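*Asks:* Quick one: structure below, then a few questions.
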Amino acid sequence: MDSPHSTRDDSALIRQALGTTEAFAAWPAALLDRLLRVAWLRTCARGELVYSEAVGEPVVLLVVSGHLLMSRLAAGGPGVPMSLMGPGTLIGVPRALDAKGEARCIYGAHGDAVVAGLPAREMLGVLDAEPSLWKSLTLMLLRQHRQMLTAMIDQLGGSLRRRLAATIARLAQVYGVDGAAMTLRLRLSQEDMAGLLQVSRGAINRELRAIEALGLLRADYGTVTVRDLPALLALGGIASRPAPFEPESQPGHAPADVALMRQGLALVARFAAWPPAAVEALLASAQLGRYRRGARVRIERSDGEPEALVVLSGHLLASRVHADGSYTPVFVFHPGLVANMYKVLDLQHHLHDMYEALDELVVVHLGGRAIVERLDAQPALWRAMAPPLLLGARAVGRTLMDYQTGSTRQRLAATIARLAQLYGAGDGSPGLRLALSQDDLATMLQVSRQSINREMRVLEAQGLVGSEYGAVSVHQLAALRQLGVQGSDEQGAQGAQEAQP
């Protein structure tokens, strides 16, 4: 992406925008000046393509004003709407950390918008020169990801009315504009909502009228005014969460457990670069948990201290629990991954509310306070921790995209392919067995088991997968992934010139 020419006034506006953004507020003036020398400002009209991950060098964008619509790349079309990104949102850091990875998203102006562009290479160079700066950037991006992914999860589960109420409520919380009489005004058309929820405009219109009749909002041309946010949150299943459960058995800290935990942490990307003394500080309060299939997994200690869960063996299913007790499965953590870091680093919020064992599971329970204390004591550890955290958040987002878009067959293929990739299978792998039952897949995709069975038979007939009780074998990962994405690379190539500023 070529950078537009920046004037002195542009630089002043970029400096002001960076100074009010959590990730850059604490940067020394000299480092901000270094970034400003290569930064640029761009004004975009509604509908204009601002950035495509499939085109050019990675760039980091800061939304200065207005909103961008994030869409999934799709063959032969404008993309599938996924989420709105408002002022203060930082876009493109995970892509900058993994420039050769799969391009999945495009960003277009949703109404008039102003964005600041920061060349990714220069920004990462500054961060690597000052590792302590990774902390504020990582925390800000994790909060952004949590807000976006929570909204996407709310779009997946329950009736259309609940999904619509949850989507509007989440967007109003994050991007709403204060208006008269304690209302929140959100620039969101019925076409926008239909795109986000993957339903017809007529269906959105019917449900909006029903919610209007309850006095919770008013829908006008191109906007929604929220009149009763608490009631809208409750209708969307967001108002409360079930009480925490008690684990069936307490994790242990025997000498043999400590040796196994030490060995396991050495194989985990987030902790492999930690010096031995820092690892030992974590192990001092760590506990080893063993869980049978279907068991709920503990995520905090008796005093409320959150725990990170390091998967050593087996598979951990993370789900979002709604106020009525129903839940939406979100992500499967395989060995080597770390769960519940959102809660460890941001004590106010969970991304997932419930974790359970998909099969025989062994996890390390790491105390959240010990992790944060070590990171703050040795700021260079933030540099080692940040990329796996941010790329892990992106993996969750991509899995949610797979759940949401396309036919059941495409969504099923994309979900199996995504999980196979996360388990470490390459395109040339002779096969991989995933511990996933048809019931698990049906719950993830919010369809009936019969629908999953029918589509699995088709995929088996094509030689892409094999099915057995409680498991799926992947035979042709590349073909399975292609069926799921349906030519997204070709769409990324379309409109390449449009993406140039």
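*Asks:* Order the peptides 204-214, 161-171 from the highest to the lowest mean number of other Cβ atoms within 10 Å of their residues.
*Replies:* For the peptides 204-214, 161-171, the packing ranking is 161-171, 204-214.
*Asks:* How much accessible area does Glu280 have with a 1.4 Å probe, in Å² rounded to the nearest 10?
*Replies:* Surface open to solvent at Glu280 totals about 80 Å².
*Asks:* Accessible area, 1.4 Å probe, largest first: how do Asp98, Asp257 sort?
*Replies:* From most accessible down to least: Asp98, Asp257.
*Asks:* Mind listing the long-range amide H neighbours of Ser473? Cut-off is under 5 Å, sequence gap 5 or more, other chains count too, H placed in the peptide plane at 1.01 Å from N.
*Replies:* Close amide H contacts, sequence-distant or interchain: Leu434, Gly466, Ser467, Glu468.
*Asks:* Another question, then. Between Leu41 and residues 5 or more places away or on another chain, which pairs have amide H atoms under 5 Å apart, with H built 1.01 Å from N, and which residues are they?
*Replies:* It is Gly117, by chain and number.
*Asks:* A follow-up question, please. Mind ranking Lys135, Lys100 by accessible surface for me, highest first, 1.4 Å probe?
*Replies:* Putting Lys135, Lys100 in descending order of accessible area: Lys100, Lys135.
*Asks:* Which ³J(HN,Hα) values in Hz, rounded to whole numbers, follow from the phi angles of segment 187-198 under the Karplus curve 6.51 cos²θ - 1.76 cosθ + 1.60, where θ = phi - 60° and Gly and Pro get x?
*Replies:* So the Karplus estimates, Gly and Pro as x, are 7, 8, 8, 5, 5, 4, 5, 4, x, 4, 9, 6 Hz.
*Asks:* Highest mean first, what order results for 137-144, 65-72 on Cβ atoms within 10 Å?
*Replies:* By packing density, highest mean first, the sequence is 65-72, 137-144.
*Asks:* Using only the alpha carbons of segment 11-126, determine the length spanned along each of the three principal axes and report them from longest to shortest in whole angstroms.
*Replies:* The principal-axis extents, from largest down, are 46, 31, 20 Å.
*Asks:* Please list, in order along segment 106-114, the HN-Hα scalar couplings obtained from phi with the Karplus expression 6.51 cos²θ - 1.76 cosθ + 1.60 (θ = phi - 60°), rounded to whole Hz, x for Gly and Pro.
*Replies:* 10, 10, x, 6, 9, x, 5, 9, 10
*Asks:* Here is a follow-up. Quick check on segment 264-315: what does the Kirkwood estimate of hydrodynamic radius come out to from the alpha carbon pairs, in Å?
*Replies:* Evaluated over segment 264-315, this radius sits at 12.7 Å.
*Asks:* What list of ³J(HN,Hα) couplings, whole Hz, do you get for segment 257-272 from phi and the Karplus terms 6.51, -1.76, 1.60, once you set θ to phi - 60° and write x for glycine and proline?
*Replies:* Computed from phi, the couplings for segment 257-272 are 5, 4, 4, 5, 5, 4, 5, x, 4, 5, 9, 9, 4, 5, 10, 4 Hz.
*Asks:* For the peptides 224-230, 362-368, what is the packing order when you average, over each peptide's residues, the other Cβ atoms within 10 Å and list the highest mean first?
*Replies:* Descending mean neighbour count gives 362-368, 224-230.
*Asks:* Roll a 1.4 Å probe over the protein chains and send me the accessible area per residue for segment 118-159 in Å².
*Replies:* Ligands and nucleic acids excluded, the figure is 31 Å² per residue.
*Asks:* Return the long-range amide H neighbours of Leu188 (sequence gap of 5 or more, or a different chain), with a cut-off of under 5 Å between placed amide H atoms.
*Replies:* Answer set, sorted by chain and number: Thr223, Val224.
The values are calculated or read from the model by the stated rules, or taken from the named source; none is laboratory data. Treat the numbers as computed from the prediction; the structure is a model and nothing was measured. Glycine also receives a Cβ, built like all others from the backbone with ideal geometry; neighbour counts cover every protein chain displayed. Calculation scope for accessible area: heavy atoms of the full protein, side chains included, ligands and nucleic acids excluded. Shrake-Rupley method; radii C 1.70, N 1.55, O 1.52, S 1.80 Å.
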